[in-house]
1. Under 8 Å for C-alpha pairs, at least 6 residues apart: give me the relative contact order for segment 44-226, rounded to a whole percent.
2. Which residue, G88, G201, G68, tops the fluctuation ranking in a GNM of the chain built on C-alpha contacts under 10 Å?
3. Relative contact order of segment 81-189: what whole-number percent is it, with Cα pairs under 8 angstrom and at least 6 residues apart?
4. Among P26, G86, I132, whose Cα lies farthest out toward the positive end of the dipole of the chain, if unit charges sit on the beta carbon of Lys, Arg (+1) and Asp, Glu (-1)?
5. Taking the Cα centre of segment 44-226 as origin and charging only Cβ (+1 Lys, Arg; -1 Asp, Glu), how large is the dipole, in debye to the nearest 20?
6. Of the DSSP beta bridges with both residues in the chain, give the percent that are antiparallel, rounding to the nearest 5.
7. Only sites in a loop by DSSP and with at most 15 other Cβ atoms within 10 Å count here; which trypsin sites (Lys or Arg not before Pro) in segment 121-171 make the cut?
8. V21 versus S93, label points 7 Å from Cα toward the beta carbon: distance in nm?
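Since every read-out is calculated from the coordinates, none of them should be taken as a lab result. Small disclaimer: the values here were computed from a predicted structure and weren't measured. Here the Cβ positions follow ideal geometry from the backbone for every residue, glycine too, while neighbour counts run over all protein chains shown.
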Amino acid sequence: MTIRKLFHYLFINYIRASKMVELYQPTYNPSQYRYLVKDLPKRNCEDRVSFIDKSLNFSKIDSILDIGSLFGYFIFRLAQTHKIFGQGIDLSSVYTAYSRAIADLNEIERVSFATMKLTADNVHSLPKYDLIIFLNVFHHIVHFDGFASADKIMKTLIKKCDYFVFETGQYTEPGQYWTDSLEFMGENPDKWIASYLTKLGFRITATKEFPTHLNKVMRTVYVCQKQ
């Protein structure tokens, strides 16, 4: 192992052992490195990745953006499988640094990661991607910045991609700090979300429900194409 790789390996272990961030996603590990802390992600990402992979024709996709990329698992899996460019952005600089360390340690090319808080003002600065993945971020933006800001972001994202994958927390998930902020969804969130995506200009081509670690409510992942 080179000194550079050793540095990245030690950095990853330090983040895992120090509990600076939640080990929310599995760590992409094609080289089968052994880490000091066992990988116990709270959400199984592979089921969602498999669904996305099977629901899209990646021969038409050359670039992916994952908003709220965390450890970059979706970017690594899809970019490596299909030999395309992947970009991840996340609010946390720790997640970003961790993702970059994974890429360098495993000598993974065609991926990059940046620290960025997505807002209604800076979303316009994003370049165009063939596919944008926007999983479980929308409800946080609604809570902290309001629906109007989240709506502006969504209306801009449709201009930035041809394909879009969406998932969000729902009003029917009780006891979460953001639950009351989603009252506009009503008692049938799936109906509201499907209608909202369609009004934005997306055509929903595939859906599937997945569990979360928060409660027993299933969330729907929507695979969409711009109309």
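1. Once normalised by length, the contact order is 18 percent.
2. Most flexible of the set in this elastic network: G201.
3. Computed value for segment 81-189: 23 percent relative contact order.
4. G86
5. Roughly 540 debye for segment 44-226.
6. 40
7. Passing sites in segment 121-171 are K128.
8. 1.3
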